[in-house]
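Trainee: My questions all concern the structure below.
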Amino acid sequence: MNVIKKIVGGDSRQLGMIFALIALIAFFQWRTGGLTLTPDNVNNIIQGNAYVLVLAIGMVLVIIAGHIDLSVGSIAAFVGIVVALAITDWGLPWPVAILLGIGVGALCGAWQGLWVAYVGIPAFIVTLAGMLIFRGLNQWIGKSNTVPVPEGFQVIGAGSLPEWGPNTGYNNLTLLLGLAGCAAIIVGALRSRAKLNKIGADVEEAWVMWTRLALISAVIMGVMMIIASGRKGFPVSGLILVALVIGYGFLANKMILGRHIYAVGGNRHAAELSGVKSKKVNFFVMANMAVLASLAGMMFVARSNASGPFDGVGWELDAIAAVFIGGAAVTGGVGTVVGSIVGGLVMAVLNNGLQLLGIGADRTQVIKGLVLLIAVAFDVYNKSQGKPSITGLLTRNKAAAAPAAPTAVDAGNPASAAVTDTSTVVKTEG
């Protein structure tokens, strides 16, 4: 177990969710007779849940800052109908319509961010109102009709990497994408190690690093080979998701804005005394959430081939569930982008596996609700008893073996003082 802890490292809750994800995949692969890891089903899991995972990326920042957003499904539906009408009735080229959709989402987010950050109305109330407003606008503008979108626009939701190169029995671009991802991860790890060596900092044993990199590369190439062996290449929606995870992971862990989001969520008043402009932070997380909701809405419309009056219903609940299962705290200040993606994948695999087993939608909802409730309740109970979180049980000795973690907010960040008493709040992802 100690060897596993060394190799895997990272946040204990994320580690547990990864184990839970692997266990679910193995269970459903056994129970479905091998249907879970077929190329078509893996593609379906990615394409069918990409929009929820995009929402989870924005939602985790909102929750880290201490807020909640109930309007994301309605904003996604509103932007979806606007873009569909812009293409079919207004004659806009679909790339221009996508930019229009992003702009409309930004305006929706700015509207809500203004009320939350500068008027001081709780985000729960503002986004509850937004859920009603934007849902009404969706049905008003679209006249409660279904509006189809052209084939070119469908690429962002249902498209895949094309065939290219010699006939190898696999989709070559998908394999190249996997190799590029593995190379980028290895180069990044080596550069980080070189920087630590340069300043004389302690580094982990070389065998630990190389074993971890080998496992990560094996998982990436395994998934890519499964997908590449099917009729389609890696989904375009998956490419969008990967780009967002990389970008927002960098924002949350390496940029001052990300540190400020954690500081505001951990202790807003202390953060303000340290020089953090909490109003700007709150405005950003709400506006950013709406932009990502607009992107998620367009991805869903593209995959569905049309925008309808009931798009986005319940999406906010799926995104919130993914974030909390991924380790975010209800009180704010805790959470990671990667953890939210893992939490979303747990729910996606669970939902997909139950469908393959022929479990009805009614029982599926009950099971998903119980999974969410038990995961969060177990974390809350263990924290109240001073015990490890739900997945910290797997790494119980980690804290005792490792030196005290330094404050994750770097010395040059004015929010450092705001989180000195919660130094474990910010976790480095990946």
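The values are calculated or read from the model by the stated rules, or taken from the named source; none is laboratory data. Everything quoted here is computed from the prediction, not taken from an experiment. Neighbour counts are summed over all protein chains in view; Cβ atoms, including those assigned to glycine, are modelled from backbone coordinates with ideal geometry. Quick note on the areas: whole protein, heavy atoms, side chains included, nothing else; ligands and nucleic acids left out. Shrake-Rupley method; radii C 1.70, N 1.55, O 1.52, S 1.80 Å.
Trainee: Taking the stretch 85-108 as the region of interest, how many residues are in contact (Cβ under 8 Å) with a residue 60 or more places away in the chain and in contact with a strand residue (DSSP E or B) (Cβ under 9 Å, 6 or more places away or on another chain)?
Mentor: Residues that pass the stated criteria total 3.
Trainee: Does the stretch 115-128 contain at least one residue that is crowded, with 16+ Cβ neighbours inside 10 Å and of a type in the set (Gly, Ala, Ser)?
Mentor: yes
Trainee: So, one more: Across the stretch 1-35, what is the total count of residues that are over 22 Å from the mean Cα position of the chain (by Cα) and at pLDDT 60 or above?
Mentor: Within the stretch 1-35, the first condition is being over 22 Å from the mean Cα position of the chain (by Cα), and the residues that meet it are 1-7, 26-35.
Still in the list and also at pLDDT 60 or above: 2-7, 26-35.
Of the residues in the stretch 1-35, 16 are over 22 Å from the mean Cα position of the chain (by Cα) and at pLDDT 60 or above.
Trainee: Still on this structure, I have one more. Quick one: how many residues across the stretch 213-238 are open to solvent by 60 Å² or more (accessible area, probe 1.4 Å) and farther than 21 Å from ALA26 by Cα?
Mentor: Residues that pass the stated criteria total 2.
Trainee: Restricting to the stretch 170-207, and then to whatever is under 22 Å from VAL42 (Cβ atoms) and β-branched (Val, Ile, Thr), can you tell me which residue is most open to solvent (accessible area, probe 1.4 Å)?
Mentor: Result: ILE185.
Trainee: Check ASN167 against each of (1) exposed (fewer than 15 other Cβ atoms within 10 Å of the Cβ); (2) polar (S, T, N, Q); (3) in contact (Cβ under 8 Å) with a residue 12 or more places away in the chain and name the one condition it does not meet.
Mentor: Single failed check for ASN167: (3).
Trainee: Any chance the stretch 170-179 includes a residue that's closer than 30 Å to ILE227 by Cβ and not in a helix (DSSP H, G or I)?
Mentor: Looking for residues that are closer than 30 Å to ILE227 by Cβ and not in a helix (DSSP H, G or I), one finds at least one in the stretch 170-179, hence yes.
Trainee: Still on this model: For the list (1) open to solvent by 10 Å² or more (accessible area, probe 1.4 Å); (2) farther than 25 Å from MET131 by Cα; (3) part of a helix (DSSP H, G or I), I need the number of the one condition that GLY33 fails.
Mentor: The failed condition is (3).
Trainee: Within the stretch 71-81, can one find any residue that is touching a Ser or Thr at 6+ places or on another chain (Cβ under 7 Å), open to solvent by 20 Å² or more (accessible area, probe 1.4 Å) and either of a type in the set (Val, Ile, Thr) or in a loop (DSSP other than H, G, I, E, B) (or both)?
Mentor: No: zero hits.
Trainee: Among the residues of the stretch 284-295, is any more than 17 Å from the chain's Cα centre (by Cα) and of a type in the set (Ser, Thr, Tyr)?
Mentor: No - not one qualifying residue is present in the stretch 284-295.
Trainee: Which condition from (1) among the aliphatic types (A, V, I, L, M); (2) farther than 22 Å from VAL313 by Cα; (3) open to solvent by less than 40 Å² (accessible area, probe 1.4 Å) is the one that VAL149 breaks?
Mentor: Of (1) among the aliphatic types (A, V, I, L, M); (2) farther than 22 Å from VAL313 by Cα; (3) open to solvent by less than 40 Å² (accessible area, probe 1.4 Å), only one is false for VAL149: (2).
Trainee: Shifting gears a bit: Residues that are part of a helix (DSSP H, G or I), open to solvent by 30 Å² or more (accessible area, probe 1.4 Å), of a type outside the set (S, T, N, Q) and over 17 Å from PHE283 (Cα atoms): does the stretch 43-52 have at least one?
Mentor: The answer is yes; a qualifying residue exists.
Trainee: If you check TRP140, TRP210, which single one turns out to be assigned to a helix (DSSP H, G or I), under 28 Å from ILE98 (Cβ atoms), open to solvent by 60 Å² or more (accessible area, probe 1.4 Å) and not charged (D, E, K, R)?
Mentor: Only one candidate passes the filter, namely TRP140.
Here is a yes/no grid of residues against (1) closer than 13 Å to GLY58 by Cβ; (2) modelled with pLDDT of 90 or more:
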| site | (1), (2) |
| --- | --- |
| ILE256 | no, yes |
| HIS260 | no, yes |
| LYS279 | no, yes |
| ALA290 | yes, yes |
| ALA293 | yes, yes |
| ALA322 | yes, yes |
| GLY335 | yes, no |
| MET347 | no, yes |
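Trainee: Considering only the stretch 158-187, how many residues are under 23 Å from the mean Cα position of the chain (by Cα) and among the aromatic types (Phe, Trp, Tyr)?
Mentor: Within the stretch 158-187, residues that are under 23 Å from the mean Cα position of the chain (by Cα) and among the aromatic types (Phe, Trp, Tyr) number 0.
Trainee: Residues LEU107, LEU100, LEU128: which one is more than 30 Å from GLY343 (Cα to Cα), in a helix (DSSP H, G or I) and aliphatic (A, V, I, L, M)? Please lay out each step first, then the result.
Mentor: Details: LEU107 fails: more than 30 Å from GLY343 (Cα to Cα); LEU128 fails: more than 30 Å from GLY343 (Cα to Cα).
Just a single option satisfies the conditions, and that option is LEU100.
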